[in-house]
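The values are calculated or read from the model by the stated rules, or taken from the named source; none is laboratory data. Since the structure is predicted, the reported quantities are computational estimates derived from the model, not experimental observations. Cβ: placed from backbone, ideal geometry, glycine included. Neighbour counts: every protein chain shown.
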Amino acid sequence: MSTVQSAPAQQGLSLQAPFAPGAPYEIDAERAQKLLAIALRRGGDAADLFAEFVVGGSLVLEETIVKSASRGVSVGVGIRVRRGMAAGYAYTEDLAWESLVRCAETAAQIAEGQGREVGPVGLKTHPERYRVAAPSILASGHDKRELLLRADAAARAADARVQRVEASLAESYREILIATSEGVFVRDIQPMMRFGVRAIAESGGKRQSGSSGGGGRFGMEYFAQPQKDAESHAREAVRLALAMLDAREAPAGEMEVVLGPGDSGILLHEAVGHGLEADFNRKGVSNYSGRIGTPVASALCTVVDRADLDHNRGSINVDDEGNVGTSTTLIENGILRGYLHDNFSASHFKLDPTGNGRRESFRATPLPRMTNTLLLAGPHDHDEIIRSVKKGIYAQRFGGGQVDIASGDFVFSLSEAYLIEDGKLTAPVKDVNLIGNGPDALSKVTMLGNNLEVSDGIWTCGKDGQSVPVGVGCPTIKIASMTVGGTAVQKG
C-alpha cells in the first residue's frame, strides 16, 4: 500500500490560526463585542456573529487526463439579531470595519426599543475531534494527480471489460469564528476531503457503472487506512460495475427487505432523521410532532445523532452557533426521546441546544441539522438475518431518493441490490426502488445486526437550499414488509 505525503503546514493555515484573513481584518474578542453591542442598540433578545474563511479545491481525472481543476477562497461575516421567534440577519464579504458596522446595523432593524449592553466575550474551549497533521489542501497538485492516476490504472487492470474510468478529489479547509451576546467566543478549524472513483464496464452490448469513494475530516493520511487507498476504491468500483452487468430485472410487490450495514443508514437519515429536526416539530409539520415519550419504532431500534465521532464527515467540534457538538439520543428502544435543536428551537421548547445548529456558509442562518445519524447495533448475526429470509431483497447501496417530511413517505432507488432466495444471496438485481414510510419501516424491524458500520464520508444533506456534510450508519436491518418497485414480469 502506498501513501501520499502531505506538504508541511504553511503559516496562516495552521490549526492555531486566528481568523485567517489576519490583520487588519482579524476579528478578535474586542471587535466582536463592539459589533454585538451595535447589533443590540435597538433591543433584541440576543445577537451572534459568524465569521468564515474557506479554501476549497477539486481535481477531476477522466481517461487519464485532468479535465478540470479548481481552487477558490470564500470569506465573510454574518450577524444575527434574535427577537422572540424572529430574526434579522445580514452578511458581508467586505471585512472593513465600516462594512461590518453596517451589517450589524442592518440586522438590528428587526428590533425596536431600548438597547442592551453586551458584556465581554471570552474564548470557549471545545473538543478536538479531527485534528490533522496538515489539511489536504496543502498537498501538492502533482501528488493529487498521481493519486488519481493510480486509481485509474488499478481500475483498468482489474478487468478487461472496464471501458472508462473517472476519479476525483474534492477538498476544503474551513475556519469559523463565532461570538455571541451571551459571552461565547469560539473558533474551529474544519478540514474535509472526499475521494471518488467511477468505472464503466461493457460486455455483450450491456453497459453498467460502479462507484466507490470515501473521505471525511482527514488530511491525505486518509489513504493510509486499510482498504481506503486509491487502488482499493478503484477495485470496488469495478466490482460493482461487473456485478451489475449480470443483474436481473427486479421483482415487484410487498416482500421482506434486508438493508446492508453502513450506507443503508441514508434511508434512516432521510425518512426518519429529518422528521426529528426540531424546527419541523416546532411548526407541527413532522410526523413526530407531539409524540415524545411514545413508541415510534420497533423496540429493537435506538437512533442517535453523534457529532463526536473522530474524523467523520458529519462530525463537528462546535456547531455554527458556538455550541459543542454532542451525542443526542432521539429514539431509545423504540420510544421517541427528543429532537435535534438549534438555539431557536431550544428556546421554544425551553431546552438546552443539542449542538445541531448548522449552516452552509456565512450567507445563511443556522437550522437544526443532523451530523452523524446512526441506528445502533442489535443482537443478531448478519448471516443469521439472511438465512431467515425465504424471498426478499438485499439492499447494499442506495442512489437517489425523495421523502415527504410531514408524512415520512419515501421512494429510494438502489444502486446495488441482490435477491434473497431460501436464505441465500443469489442474483444481483437492477432498477430497484424501495417505497414506504419511515416510521412504518422502523416499526417493522424484526431483526437487527450486531455489525454497526458508519458510512465512509460521502454524504451531503440538503435542506431549505443549504447543503452540509453528514454521516450515516446502521447495522444489517431486516424489515418484515416493504414495497419493492421492480420491472420483472410476474408469472401466473
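Taking only region 317-337 into account, find how many residues are in a loop (DSSP other than H, G, I, E, B), surrounded by fewer than 24 Cβ atoms within 10 Å (Cβ to Cβ) and at negative phi.
3
Cβ contacts < 9 Å: first residue in contact (Cβ under 8 Å) with a residue 24 or more places away in the chain, restricted to region 128-145; second residue basic (K, R) and in a helix (DSSP H, G or I), any location; separation 6+ or different chain. Result?
As it stands, the answer is S136/K144, since those pairs meet every condition given.
Count, please, the residues in region 301-312 that happen to be surrounded by fewer than 21 Cβ atoms within 10 Å (Cβ to Cβ) and either free of Cβ contacts under 8 Å to residues at least 60 places away in the same chain or over 16 Å from the mean Cα position of the chain (by Cα) (or both).
1
May I ask you to list the residues in region 464-487 that are surrounded by 15 or more Cβ atoms within 10 Å (Cβ to Cβ) and modelled with pLDDT under 95?
G485, G486
Tell me which of these Y394 doesn't satisfy, since it passes every other one: (1) closer than 23 Å to T446 by Cβ; (2) surrounded by fewer than 18 Cβ atoms within 10 Å (Cβ to Cβ).
(2)
Return the pairs, sorted by first residue and then second, in which the second residue is among the acidic types (D, E) and in a loop (DSSP other than H, G, I, E, B), the first residue lies in region 430-459 and is touching a residue at least 24 places away in the same chain (Cβ under 8 Å) and surrounded by fewer than 19 Cβ atoms within 10 Å (Cβ to Cβ), the beta carbons are less than 9 Å apart, and the residues are 6+ apart or on different chains.
Pairs found: N450/D381; N451/D381.
Within region 46-65, which residues are out of contact with any Gly (no Cβ under 9 Å at 6 or more places or on another chain), surrounded by fewer than 19 Cβ atoms within 10 Å (Cβ to Cβ) and touching a residue at least 24 places away in the same chain (Cβ under 8 Å)?
Passing the criteria: S58, V60, E62, E63, T64.
State whether the residues of region 238-247 include one that is within 30 Å of I137 (Cα to Cα), touching a helix residue (DSSP H, G or I) at 6+ places or on another chain (Cβ under 9 Å) and surrounded by 20 or more Cβ atoms within 10 Å (Cβ to Cβ).
Yes, there is a match, as at least one residue in region 238-247 is within 30 Å of I137 (Cα to Cα), touching a helix residue (DSSP H, G or I) at 6+ places or on another chain (Cβ under 9 Å) and surrounded by 20 or more Cβ atoms within 10 Å (Cβ to Cβ).
In contact with a strand residue (DSSP E or B) (Cβ under 8 Å, 6 or more places away or on another chain) and part of a helix (DSSP H, G or I), is that true of L148?
yes
Mind telling me which of the residues N333, N343 ends up being within 14 Å of P368 (Cα to Cα) and more than 20 Å from the chain's Cα centre (by Cα)?
Going through N333, N343 in turn, the sole match is N343.
For A154, only one of the following conditions fails: (1) of a type outside the set (D, E); (2) free of Cβ contacts under 8 Å to residues at least 60 places away in the same chain; (3) part of a helix (DSSP H, G or I); (4) within 28 Å of G57 (Cα to Cα). What is its number?
(2)
Report yes if some residue within region 24-45 is buried (at least 18 other Cβ atoms within 10 Å of the Cβ) and part of a strand (DSSP E or B); otherwise report no.
no
If you take the residues of region 351-374 that are out of contact with any Cys (no Cβ under 8 Å at 6 or more places or on another chain) and in a strand (DSSP E or B), which of them is nearest to L268 (Cα to Cα)?
T373
Only one residue in G88, G56, G22, G113 is in contact with a helix residue (DSSP H, G or I) (Cβ under 6 Å, 6 or more places away or on another chain) and of a type outside the set (D, E, K, R), so which one is that?
Sole residue among the options that is in contact with a helix residue (DSSP H, G or I) (Cβ under 6 Å, 6 or more places away or on another chain) and of a type outside the set (D, E, K, R): G88.
Go through A395, A377 for me and flag whichever is in a strand (DSSP E or B), modelled with pLDDT of 95 or more and farther than 30 Å from I79 by Cα.
A395
If you take the residues of region 405-429 that are β-branched (V, I, T) and crowded, with 19+ Cβ neighbours inside 10 Å, which of them is nearest to S481 (Cα to Cα)?
I420
Only residues that are buried (at least 22 other Cβ atoms within 10 Å of the Cβ) and within 20 Å of R161 (Cβ to Cβ): list them for region 202-230, please.
G210, S212
Is it true that some residue in region 129-136 is at pLDDT 95 or above, part of a loop (DSSP other than H, G, I, E, B) and either under 24 Å from the mean Cα position of the chain (by Cα) or among the aromatic types (F, W, Y) (or both)?
yes
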